[in-house]
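The values are calculated or read from the model by the stated rules, or taken from the named source; none is laboratory data. A quick note: this is a predicted structure, and the numbers were derived from the prediction, not measured. Heads up, the Cβs are rebuilt from the backbone with ideal geometry, glycines too, and the neighbour counts pull from every protein chain shown.
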Amino acid sequence: MTASHFYEPAAGHRLPHDPLNAIVAPRPIGWIGSVSGNGVRNLAPYSFFNLVNYTPPLIAFSSMGWKDSVANIAETGEFVWNLATRDLAEAMNATSASVAADVDEYALAGIDTLPSRLVAPPRVAASPVSFECKLTRIVRLTDRHGAELDQYLVIGEAIGIHIDPAMLEDGVYQTARARPILRGGGPADYFAVEEEQLFRMRRPQ
């Protein structure tokens, strides 16, 4: 490549749509369930999400603004991550609606729930995997100059993990079997992980 579309983000990308989240893509979806201190349930998807540590298992999501999920988790110290799948894509999308803090997104999207064992927020019943999490920290992000952003990184430790046995084969979790969905770029792009996309490659010894 001898030429590139170069831009400095602070000066704008000069494109019809910001390419950043299309380049760093697809990204797992943090479908986060929480409950406020006064018992209002909340369920919302976050596309800045990932597993960040094995032992103990830590997951993190980043919220643009102090949204209901962050406020609830800061108040109670608990949340549940639910795996978003192709079968649940429309329900997941319905929970992304901007609604008042007293609206129950589980009910709004018609989502059945199951109780968690170790935390208060319920699980999405149809999700094949759920992590019950305890908050480890909330970090307010800054730019390179140290100026605080209205962006909050929430890190939680998975203290209980639920897996649908149908997702296991000889005790090995089959990633594609659940058909997890991932966020792409643009205003509406998503991808589903399918078995046909699988290839194997072992690390060198």
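Some notes on this structure:
- The range 106-133, residues that are in a strand (DSSP E or B), crowded, with 17+ Cβ neighbours inside 10 Å and not polar (S, T, N, Q): 123, 124, 129, 131, 132, 133
- Residue in the range 18-41 that is under 29 Å from residue 174 (Cα atoms), out of contact with any Lys or Arg (no Cβ under 9 Å at 6 or more places or on another chain), part of a strand (DSSP E or B) and not β-branched (Val, Ile, Thr) present: yes
- Within the range 115-125, the set of residues being over 15 Å from residue 34 (Cβ atoms) and either in contact with a Phe, Trp or Tyr (Cβ under 9 Å, 6 or more places away or on another chain) or in contact (Cβ under 8 Å) with a residue 40 or more places away in the chain (or both) comprises 117 only.
- Positions within the range 1-50 being among the acidic types (Asp, Glu) and either closer than 22 Å to residue 127 by Cβ or exposed (fewer than 10 other Cβ atoms within 10 Å of the Cβ) (or both), in sequence order: 8
- Filter result (farther than 22 Å from residue 163 by Cα, assigned to a loop (DSSP other than H, G, I, E, B) and either touching a residue at least 12 places away in the same chain (Cβ under 8 Å) or among the acidic types (Asp, Glu) (or both)) within the range 176-205: 184, 185, 186, 187, 189
- Within the range 60-75, the only residue that satisfies the criterion of being in a strand (DSSP E or B) and aromatic (Phe, Trp, Tyr) is 61.
- Among the candidates 31, 81, the residue that is touching a Cys at 6+ places or on another chain (Cβ under 8 Å), under 18 Å from residue 183 (Cα atoms) and either among the basic types (Lys, Arg) or modelled with pLDDT of 95 or more (or both) is uniquely 81.
- Qualifying residue in the range 43-58 (condition: of a type outside the set (Ser, Thr, Tyr), touching a Cys at 6+ places or on another chain (Cβ under 7 Å), closer than 27 Å to residue 149 by Cα and free of Cβ contacts under 8 Å to residues at least 60 places away in the same chain): no
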